[in-house]
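Since the structure comes first, as structure tokens, the remarks are kept for the end.
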Amino acid sequence: MYSRPDLQMRAVVLKMRDNIKYYQPYSSTFDDALAFADAAYNGGIGGLDRERRACKIESNCDHKRWFGHVEKYCMKSKVALYGNRSACDINRHHVKDVLLIRANKYKTAWAKL
């Protein structure tokens, strides 16, 4: 598979599809489902589910929303892995970067989802 970029892309697409299907019933909006799917793809579903449970027990946190809620409850390692970025930093930055910064150039395709 490592020498087959077509299979690598297929795996990414199928995994993201499965993650979105998994989180959509437990999300306030489709954008929240996308954020959960991306965070789970990069950090694992089990870890994200633990973070959602941690958020749920707090009175000021909505476990069905990513931005401003579950994203604040990172339970991943805070030890620097790459330069000065931890697993927690990398996971949280990726969701923000993909959905809030880079997604704008794909809005036309996004609207068809």
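The values are calculated or read from the model by the stated rules, or taken from the named source; none is laboratory data. None of the values given here were measured: they were computed from a predicted structure. Backbone-built Cβ (ideal geometry, glycine too); neighbour counts: all protein chains shown. When the accessible area is computed, the model is the full protein with side chains, heavy atoms only, and any ligands, DNA or RNA have been set aside. Shrake-Rupley method; radii C 1.70, N 1.55, O 1.52, S 1.80 Å.
Descriptive notes on the structure:
- Here the spin labels are modelled as points 7 Å beyond Cα on the Cα-Cβ line, and at Leu14 and Lys78 they lie 3.8 nm apart.
- Reachable aspartates and glutamates, given that their alpha-carbon falls under 13 Å from the alpha-carbon of Lys76 and they are not under 8 places away in the same chain: Asp49, Glu51, Asp89
- All aspartates and glutamates inside 14 Å of Lys56 as judged from Cα atoms, apart from same-chain residues fewer than 8 positions distant: Glu71
- Segment 22-63 shape via C-alpha gyration tensor axes, a/c threshold 1.5: oblate
- Matching label, mean projected area of the Cα convex hull in nm² computed from the structure shown, candidates [x] 8.3; [y] 7.3; [z] 10.4: [x]
- 222 nm mean residue ellipticity, helices alone, for the chain (DSSP H n ≥ 4; -39,500 (n - 2.57); rounded to 500): -16500 deg cm²/dmol
- Relative packing of 44-56, 79-91, which averages over residues the other C-beta atoms within 10 Å, highest first: 44-56, 79-91
- The chain, relative contact order in percent, only Cα pairs under 8 angstrom and at least six apart counted: 18 percent
- Computed over segment 50-113, the convex hull of the alpha-carbon atoms projects to a mean area of 5.6 nm².
- Lysines whose Cα lies under 29 Å from that of Lys105, excluding same-chain neighbours fewer than 8 positions away: Lys15, Lys21, Lys64, Lys72, Lys96
- Take the chain with all the other protein chains still there, run a 1.4 Å probe, and you get 68 Å² of accessible area per residue.
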